[in-house]
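Okay, structure first, notes after.
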Amino acid sequence: MKLASLENGSRDGSLVIVTRDLTRCIGVSGIVPTLQQALDNWGKLSAELERQAALLEREQDKGEPFDPSCCRSPLPRAYQWADGSAFVNHVELVRKARGAEMPESFWTEPLMYQGGSDSFLDPHGDIVLAKEDWGADFEAEVAIVTNDVPMGVSRETALDHVVLIMLANDVSLRNLIPGELSKGFGFFQSKPSTAFSPIAVTPDELGAAWQGGKVHLPLLSQLNGKPFGKPDAGIDMTFDFGDLICHAARTRPLCAGTVIGSGTVSNKGPDGSPGKPVADGGAGYSCIAELRMIETIRSGNARTPFLSFGDVVDIRMLAETGASIFGSITQRVVRHHG
């Protein structure tokens, strides 16, 4: 089942079911008006939503044309957004970039920060910056949405709580990060609002690509229309989503609608190296910071700038058939005129 939230003038949008080919949708306000309300009552409502999804697929004249540009985030706001760093290769590279050593514990216990969940960006909404010199960067990720998760959930049952899967652009302001982290209290100003894909899918929609708490498909990102990265989200993921759920729920329960991110998807090269840019035949990168680190390793200087006003970022994932699974996150960087 594929779900989206359309703009309707309210804070939380209007829940719709979308066809697998992303061409048609149907509102379900008679069943449940918003995705958060559906998640709050998933055990009671999911079967009827699935039935409506099957009818929509079967009856070609049913529903309305689907326009992803009218989508909010599937959850325009959420009770919780916790972003992990499951791809430790990424953590290692960005820490090198700012001259920080990486403790060995990073390979055995996930990193996770609690982001702002009160105002997610629309999937086609602008990334608004007051200053270019903040060093804005995109971070292409996979994210999951949970139902209610009990505190201390077991590793054996953690993945049973994954209700939906989507993509994320966890925007980072790289030049603000070192100053914040040096205070020993984590991210805040350096992590502005996050964007999510227009479509959230139930795990069964991914078929064999959803295995072991990982999505085994390339995550594609472009910058200004040029390929930037195509790393496989199922490779080099040190901690799967079961691990991340257990980590998040170790000392507290998680409310239905909790969003957990994978962290920036990152692959090593076949020889164990940090990998190569797409232009050099590699899988590329899911953020600018990694490319800048590779440039520094190669030549002593980072040449690729962070995002500038007018730049356009595009993030998507395709099925083996070439069809878009989640729609695209397509965002332009614009100046804040507050």
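The values are calculated or read from the model by the stated rules, or taken from the named source; none is laboratory data. As the structure is a prediction and not an experimental result, all values here were calculated from the model. Here Cβ is always computed from backbone atoms with ideal geometry, including for glycine, and neighbour counts include all displayed protein chains. Please note that ligands, DNA and RNA were not included when accessible areas were found on the heavy atoms of the full protein model with its side chains. Shrake-Rupley method; radii C 1.70, N 1.55, O 1.52, S 1.80 Å.
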| field | Cα-based helix-to-principal-axis angle, 88-97 vs the chain, degrees rounded to 10 | value | 40
| Viscosity 0.890 mPa s, temperature 25 °C: Stokes-Einstein D of the chain from its Kirkwood Cα radius, in µm² per second? | 121
| What residues have an amide H closer than 5 Å to that of Arg24, excluding those fewer than 5 places away on the same chain, when H is modeled at 1.01 Å from N in the peptide plane? | Thr19, Phe66
| field | Amide proton proximity set for Ala256, modelled H, under 5 Å, gap of 5+ | value | Asp148, Val149
| query | For labels at Ala319 and Ser154 in the simple 7 Å Cα→Cβ model, what's the distance in nm? | reply | 3.4
| Which GluC sites (Glu not before Pro) does region 235-338 hold that lie in a coil by DSSP with at most 16 other beta carbons within 10 Å? | Glu320
| request: Taking H placed 1.01 Å from N in the peptide plane, check which residues at least 5 places from Gly135 or on another chain put their amide H under 5 Å from its amide H. | output: Asn175
| task | Give, in nm to one decimal, the length gained when the segment between Lys276 and Asn41 is fully stretched (0.36 nm per residue of separation minus the Cα-Cα distance). | result | 80.1 nm
| message | Once you place label points 7 Å from the Cα toward the Cβ at Glu59 and Arg335, how far apart are they in nm? | response | 5.2
| query | To the nearest 0.05, how large is the calculated FRET efficiency for Asp67 and Asn224 if R₀ is 30 Å and r is the Cβ-Cβ distance? | reply | 0.80
| query | By DSSP, what percent of the beta bridges with both residues in the chain are antiparallel, rounded to the nearest 5? | reply | 90
| field | Ranked order, Thr157, Thr19 - accessible area, probe 1.4 Å, largest first | value | Thr157, Thr19
| said: Can you tell me which lysines have their Cα less than 22 Å from the Cα of Lys214? Leave out same-chain residues fewer than eight positions away. | reply: Lys2, Lys230, Lys268
| said: Please list 3J(HN,Hα) in residue order for region 183-189, calculated via the Karplus relation 6.51 cos²θ - 1.76 cosθ + 1.60 where θ = phi - 60°; whole Hz, with x for glycine and proline. | reply: 7, x, 10, x, 6, 8, 5
| At 222 nm, what helix-only mean residue ellipticity would the chain give, in deg cm²/dmol to the nearest 500, using -39500 (n - 2.57) for each DSSP H run of four or more? | -5000 deg cm²/dmol
| message | For Cα pairs less than 8 Å apart in space and 6+ apart in sequence, what is the mean separation divided by the residue count of the chain, i.e. the relative contact order in percent? | response | 22
| request: Calculate the length of the line joining the C-alpha centroid of region 286-338 to that of region 17-34, in whole Å. | output: 30
| So how tilted is helix 288-299 from the main axis of the chain? Cα-based, degrees 0 to 90, rounded to 10. | 30
| task | Averaged over every viewing direction, what's the projected area of the C-alpha convex hull for region 161-269? Give it in nm², one decimal, please. | result | 8.9
| query | Taking the Cα atoms only, what angle lies between the long axis of helix 42-58 and the longest principal axis of the chain, rounded to 10 degrees? | reply | 80
